[in-house]
Structure formats: C-alpha cells, structure tokens
Amino acid sequence: MPEHSQDLLEALGSIEREVLAIEPSLRRAFLGLRKSIQAQSQEVQRLARSVERHQRLLENGLRLSAASGVDLIASEILDVLIGLAGAQRGFVGIVEGAKWRMVVARSMAEEDLAAPEGQVSTGIISDALARRRPVLSADASQDQWRGQASVQRLGLRSVACVPILRANQPLGFVYLDDPTMAELFDADTLELIERWSPIVAEHLGQALQRDDTSPFPSFVTRSESLRAELSQLARLARFDVPVLITGPTGTGKSLLAGALHARSHRARGPFVHINCSALPDTLLEGELFGAEAGAYTGAQRRREGKFEAAAGGTLFLDEIDTMPISGQVKLLVALQERKISRLGSNRPIDIDCRIIAATNARPRQAITEGRLREDLYFRLAKIEIHLPPLGERAEDIPLLARHILARTCERYQLPLPRISQAALDQLCAWSWPGNVRELENALDRAALLAADSGVIKEIRLTATPEAPTRRMTVGRDEFLHAYERANGNTGEVARLLSVTRRSVFRLKLRFLDEYADG
C-alpha cells in the first residue's frame, strides 16, 4: 500500500546520514533498496490513480447512458475528459460532411463558438480526423504546429484532438488544450480516452440519428415550417440566451420549455416553472427574489425566491404578459444586472439560471395595449419561437393521436386501442380551440371508454361558438372531382367543397389512398 511504502521511506531517510559512514558496498545496497522502494511506491500510486480514473469513467458512462440529445451527451463527454486530462479549455465538435461545427465548449466565449477556427489549432483537428487517430502535441510552441496562427496567438502548449469514430468514420471529436503546461496529455490518459471512445461513439451516434428526425423528441409535429424552427432552436439550446415562446393556450409551450432545458448544458440543474398570472403585485417580489426573516408581516424565516431555486438550471416565466407592470420593471433590472436582492436585504446575489418566458398573447399587441413592456420583451426575446394552434397543423393530428393514446394507455395500464376511421375523421375535422390540451382530454376519455372493446369508434366533442362542427358528408366522387379541378391546391379544394382546409387534409387521407388502391 502507498502509505506503508511512505512510512518505510521515511524510516530509511532517518538513518541515511549514518549510512554515509558505513562500508561502500553496504551503502550501495542501501541506496539501491531505497530506489527500488521509491519506484514501487510510484507504481502503486500510478495504479491507484488509474483505478480511480477507470472508476470515474464507469460512473460517467452510466450518466452518459441517461443523457439525451447531442448537446447534453457532448457536454457529459467534455466534462469527463477535461477532468481526466486537467486541460484548461476544450470543446466537442460534430463532423458534417467536409466541415465540422462546435456544439459544447468550456472556457471559451460564445463568440468563439460562432467562429472557432481562429481560436483553436485547426491543423491538429484536421490531422486527427484524416488519420482517424488521436493527435497530441506535447508542446505546440516548439513542434511542427508552432507556425499555426492560433498556436502563436494563444500561446498553446499542450494540445490534443481525439476523433470519435463509428464504423471507422468520424462522427465528431474532442479537442483539448492548455497554454500553460507542456506534456499535459500522458500515455495513460490517452489509453483511457481510447478505451472510452467506443461507448462515446455509440451514444453520440444514436443521439445524432434521433436529432436528425426530431429536434425535440417529446414535442411531436410533422409541420415542416415548425420542424425547421425547432431544429434551429435545438442548435441554439446550448447557449444561455433567453428564449420567448409564443402561441395560444394548450399548444405545448410548457412542454417545449422543459424540452429546451433538458437539451441544454443546465439539464442536471432544476427546472423551475412559475405562472406569472398567479402572482399579485404584493407577493411578486418575494416570490421571485426571496425575503429575509421579518421583511414583511408573517415572514418568520428566510425564504428562497424562484431565481435562487433555479440556480444552475432554468427559470420558466409562463404568461409573462400577465405580470404587473411594476413587477416587469423589477424583473428587467434583475435581468440587466444579473443580480437580485431578497426583500429586507441589500446584499446582491448573482443570477445563475437560464430564462425562458412564454405568452399566449401576440407580443406586439400586448406591448401596444400596455400589458408588456417593450424593453422587457427585447430582453426576453433574444430567441423567439411561435407555436401555431393545432387548427393550423392538421397534419399533426393523426401523429399526435397515436402519441397521446400510447401515453394514456401506459399511464392507466390499458392495451392500446384501435382508432376507427370515423373517429379519426372527427379528430381531423374539428377546429380544436383548446389545441393539443383539448385533444389530450378527448383522447384520454375515449381510451378509457374503449377499454373493454379495444376500439375507439367515435370521439365525444362539444361544439362551442368558437368551435362549430364541420361538414363531414363529402362523398368520394365529389372530393376527387374537386381535387382534380383544383389541381390538388388545398385552399381551392376547400373553397369548392365549402369545407375547411383541415377537412381537406382529412379527406385526402381517406379518399386519395382509396383512389390509389383502386
């Protein structure tokens, strides 16, 4: 054991002075013994350090298995390798054809992420990807990489790039460097990284495949325009910039906020949801910023606010336009200064959370009507995404129906029912004023009623002035005639038949397949 070797070395050291006076051959034997014990002690320490590192890799491998999304998996990979190597900086890159892009980084500014080529040793990266093997530089300031502009400007010394390979093709790479220490990346570290690489490649490859098909797997849509916006949002999820989600009630704003948090590097931190409409002006400041004992009547002990509760994670401000204007001013100051103070205290507390806000109002209209401060809007809407009502996403209804039914049956431990064509026609023809939330309620009820028969034959829907029932008596020949006359133009077909565009989509699903089969 290392401590026993150390004790022995200390004991030998205490008699070293006397050894100098003994016969030379005995002195040589003594010094040889001490050297051997030192070597064994160093080897035992090396092995102990190796075991500790392997254990850390195993633990992080389990965390990697639980992660979802390219950015979060890449973040786990990077944290582990920086910890193993002791590097000052690093990032994970994803290979896209002949180019690559940075997805997560440590100790690099956001502007570096947008144009990383001038901030890292691109020569070493290109070499590692071409050779499909790790490339190390013990001292880049002295070897063949010393001529690179980035090496000279940043004073890089230890540099390493490890490709992440799947079927011998690079999915991405991990880049690490340090401007202060030479020979930082030793053989033991490289061996550990190479042993871990297959696990990394498998998880990253699966995440890339999922991301190609669904930017946020929990948010279901077939709408091409919405998928394009979600894909862009997914690529920006790693940045700590505020996001504003707009859309009618029931379109999934809270769901998307949670999915955005789960995809960010703050996913391991808390996700704190606060509904601003539930905060009267008198309670707002204490709820958001916290309060010291005695700050107001009934405050018997210190109370943590939502900003502090969200430290290290995400604070989701729902229905932001319903917050009193005086509260919006205080929120704006906090976001600008990145500091808060509890009620009854002057001690500033740094904000350490990402802000996501949501509103079911049109922001410009809310600003015009005086319900939303324009300066707060600009502060929150660094990135803005709109979720359209379900009535404008008729193509999503069959997909959402299957997804909701599967979740309902799992919750109530029921076999998955079959949904009849008539019931699907009802779903596609409805205007859904309550959006996805209304669809969930209707399908939950239908699944429970169909528990015995196993078939959903019809959907109970309640007509309202805002959601009248639609014409559902268009025949096959009538539809096909109108479809051919309009050359497939959905709006023109709807006009010719006096039905909604959603009904055209439903009729296409029903009659065009029959027409093709016939």
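The values are calculated or read from the model by the stated rules, or taken from the named source; none is laboratory data. Computed from a prediction, not measured in an experiment: that's the story for all the values here. Methodologically, a virtual Cβ is constructed for each residue, glycine included, from the backbone with ideal geometry; neighbour enumeration extends over all protein chains shown. Areas reflect the complete protein model, heavy atoms only, side chains present, ligands, DNA and RNA absent. Shrake-Rupley method; radii C 1.70, N 1.55, O 1.52, S 1.80 Å.
Data for the structure
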| quantity | calculated |
| --- | --- |
| Charge dipole (the stretch 180-280, unit charges on Cβ, about Cα centre) - positive-most of Ala201, Pro248, Val272 | Pro248 |
| Nitroxide proxy distance, nm - points 7 Å out along Cα→Cβ at Glu224 and Ser326 | 5.2 |
| Neighbourhood charge, 14 Å Cβ-Cβ cut-off, centred on Gly344 and excluding it, Lys, Arg +1 and Asp, Glu -1 | +2 |
| Ser498 paired with Val455, simple spin-label distance in nm, labels 7 Å along Cα-to-beta-carbon | 3.3 |
| Long-range amide H partners of Glu384 with built H, under 5 Å | Leu244 |
| Of Lys306/Lys382; Lys330/Lys382; Lys457/Lys508; Lys253/Lys508, those spanning more than 28 Å from alpha-carbon to alpha-carbon | Lys253/Lys508 |
| Environment charge at Leu405 (Cβ cut-off 12 Å; Lys +1, Arg +1, Asp -1, Glu -1) | +2 |
| The stretch 152-269 - accessible surface per residue (Å², probe 1.4 Å) | 42 |
